[in-house]
Structures are given as structure tokens and as C-alpha cells.
Amino acid sequence: MKSFKITNIFFLFLILFKAQSQEIIATVRVDANDLQNLEKSIFTDMEQNIKQFLNNRKWTNDKFSVGEKIKMNVLIKILSQDGIGKYKGSVQIQSSRPVYNSSYETILINHLDKDCNFEYVQYQTIDFNDNTFISHLSSILAFYTYIALALDYDSFSKFGGSTFLEKAQLVLNNAQQQGQSAWENGGGSNSRYWLFENLNSPQFKDFREANYIYHRLGFDSMQKNTKEPTLEESYKKMLDALDLIKKCFDVRPNSALIRTYFNTKDKEFVSIFSEAGTREKIRIYELLKVMDPTNLDNYEKLK
């Protein structure tokens, strides 16, 4: 009986340790409704296999508590099959992190990659190695995980995500030898190549600093006690961050990163600043109507 209890305690320890080790909590959906006459179990297996790959792999050297883990939503829409086990479609990646001392979660990226081509064999484990190319599917998943980690770490400390940008670059470099345009500078303006190029470019250094100021100095400080920065100061930090984003916009207004940013944050701006003072509302409205005219109808609510 004593041996039995010790064994149970040992396995409980392993379970708890594992729960604190992995960094990602991913929800995965594979939509293959556009394909006919294919065995649906293939895509059920794909969905589960991708989820295990993202959730069970150790992506960093840090330990994450349950409340610190990065939530990711992955939607893969398969549009066609090009030979046995070869698929074409899109992948949408969304990641979020909690706001300090609140139940609110802020989305850090919501990016649609329309050029997602990969191979998949049912029941075969998805393998990945940082130092060499194994498959397009594992490279796509790892690339976007490292981008999500870079943005998350940047949001907690100034340029804190640099290590993960380096890892994303390694994935990109390894995949570029495989002849897919999404990994190369000849791909579409919203491709993996250009998303990474923007994040890594000196021209977008202000964007990465803005990520930190907006989330850590602005958003997180809203929930602190009265001895900490006032609500008005929190709004000021968030607006200062948008001023930095404006600098990037002025240099490259149609960049992948700028478009992705406003696709990610447009609803949040309205939700958060609807409680701000008139001066703050006017200031953010003037910034947003220039940088994100596509969502101007939504921003009219701030006037």
C-alpha cells in the first residue's frame, strides 16, 4: 500500500510539473468542408496531432504557471488537395495573454496566412527540429508559435522577445530552401516572410517598444491600486504607444505588421477607450482614422 501511494504521488508530481512546464494552451480546428469524398478521420487526426504538437512541446527554457500560459487559437482551412497527403489552404493564428489582476485577455496577434501548403500523413507524428527543415506543417506551426512568444515576451519587457524572433528566423531560413513562396520575399505582402521581416526590421523597432508600453505600462497598470498610476496615466501610456505605431505607419503604411496589428486591436481600442475621457477619445480617434480607415465606422463610436 505504501509503495502504491508513493507511485501515485510520483506520477502526480510529473503531471503537475508538466502542467507548469509547457507554455502554450492551443485550441485547434481543421476545416476541410470544401473537400468532398475524403475520409474525415484524416482531418480529425490532423487536428488532434497539431494540438498535441503545440501543447506538449517545450518551447522555452522558462516555467509557466497555468495563469501565465499563452492561449493560441489555430484555424486551418483546407481548400484543396494536390496529390495524396498534400493540402492547400490557409491558417489563422490568434494568441492572447491575461491583463494583470483581471479576467480580461488581450489579443496580441490575429493573423491570416492565405498561403498555407503542407503535407500530412495520417497517424504520423509531427516532428520538428530548430536546426533543420523536416516538414512545412511543423515549420509553419513552429514559426507562428515563436512569433506569438516573441510578441508575448515583448509585451512584458522591452524587446524581451528577441530570442524568439531569432528562433523564428531560423525556421524561416531553413524552410526557404524548399521552394514555397510564403517563406520568401517574393511571396504576398502578408506572407510569413514579410511578417517576420517587419518585426525584425529596425524600421519597426518602435512597434516592439509600443507593444511593451501599451500592454505593460498601460493596460496592466489599469488594474493596480490607487497608489499606482492613475487611470488617466494608463490611457496616456497606451496613447503614447499608438504614437510610436504611427511612426512605423508613416514609414511603411501598407506593411504586413501594421495591417495585422489593426486587425488584432480594432475592437479592443473601442472597448477600452469607450470609458476614457473626451480628450483621450479625441486623440485616439484622430490617430486611428489615419492609420486604420478600413475600420473607421467602428471608431466612430469613440467620437
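Laid out as a table, the results:
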{"quantity": "Boolean, ILE93 is under 13 Å from the mean Cα position of the chain (by Cα) and within 22 Å of PHE196 (Cα to Cα)", "calculated": "yes"}
{"quantity": "Test: PHE159 is surrounded by 19 or more Cβ atoms within 10 Å (Cβ to Cβ) and of a type in the set (Phe, Trp, Tyr)", "calculated": "no"}
{"quantity": "Conditions (1) over 23 Å from TRP194 (Cα atoms); (2) modelled with pLDDT of 95 or more; (3) of a type in the set (Asp, Glu); number of the one not met by GLU233", "calculated": "(2)"}
{"quantity": "Where GLN36 falls short, out of the listed (1) part of a helix (DSSP H, G or I); (2) at pLDDT 50 or above; (3) surrounded by fewer than 14 Cβ atoms within 10 Å (Cβ to Cβ); (4) not basic (Lys, Arg)", "calculated": "(1)"}
{"quantity": "Boolean, LEU195 is at pLDDT 95 or above, touching an Asp or Glu at 6+ places or on another chain (Cβ under 9 Å), assigned to a helix (DSSP H, G or I) and buried (at least 18 other Cβ atoms within 10 Å of the Cβ)", "calculated": "yes"}
{"quantity": "Which listed residue, of ILE258, ILE245, is part of a helix (DSSP H, G or I), over 22 Å from SER234 (Cα atoms) and not aromatic (Phe, Trp, Tyr)", "calculated": "ILE258"}
{"quantity": "GLY218 being closer than 27 Å to THR145 by Cα, outside any helix (DSSP H, G or I) and either touching a residue at least 12 places away in the same chain (Cβ under 8 Å) or not acidic (Asp, Glu) (or both)", "calculated": "no"}
{"quantity": "Test: SER103 is among the small types (Gly, Ala, Ser), free of Cβ contacts under 8 Å to residues at least 40 places away in the same chain and in contact with a Cys (Cβ under 9 Å, 6 or more places away or on another chain)", "calculated": "no"}
{"quantity": "Search result, residues across the range 140-157 that are free of Cβ contacts under 8 Å to residues at least 40 places away in the same chain and small (Gly, Ala, Ser)", "calculated": "ALA142"}
{"quantity": "Filtered residue count, the range 106-131, keeping only those that are surrounded by 14 or more Cβ atoms within 10 Å (Cβ to Cβ) and touching a residue at least 40 places away in the same chain (Cβ under 8 Å)", "calculated": "15"}
{"quantity": "Subset of the range 126-163 (residues that are over 20 Å from ILE42 (Cβ atoms), outside any helix (DSSP H, G or I) and of a type in the set (Asp, Glu))", "calculated": "ASP130"}
{"quantity": "Failed item in (1) of a type in the set (Ser, Thr, Tyr); (2) over 30 Å from MET222 (Cβ atoms); (3) surrounded by fewer than 20 Cβ atoms within 10 Å (Cβ to Cβ), with TYR100 passing the rest", "calculated": "(2)"}
{"quantity": "Test: residue in the range 285-296 that is assigned to a helix (DSSP H, G or I), closer than 26 Å to ILE93 by Cβ, of a type in the set (Ser, Thr, Tyr) and out of contact with any strand residue (DSSP E or B) (no Cβ under 6 Å at 6 or more places or on another chain)", "calculated": "yes"}
{"quantity": "Sole residue being within 22 Å of ALA182 (Cα to Cα), within 17 Å of the chain's Cα centre (by Cα) and not charged (D, E, K, R), chosen from ILE126, ILE147, ILE134", "calculated": "ILE147"}
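Yes or no, residue by residue, for (1) more than 17 Å from LEU151 (Cβ to Cβ); (2) crowded, with 18+ Cβ neighbours inside 10 Å; (3) among the β-branched types (Val, Ile, Thr):
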position	(1), (2), (3)
VAL171	no, yes, yes
GLN223	yes, no, no
LEU239	yes, yes, no
CYS248	no, yes, no
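The values are calculated or read from the model by the stated rules, or taken from the named source; none is laboratory data. Predicted, not measured: the structure shown is a model, and the values here were computed from it. Here the Cβ is made from the backbone with ideal geometry for all residues, glycine too, and neighbour counts use every protein chain on show.
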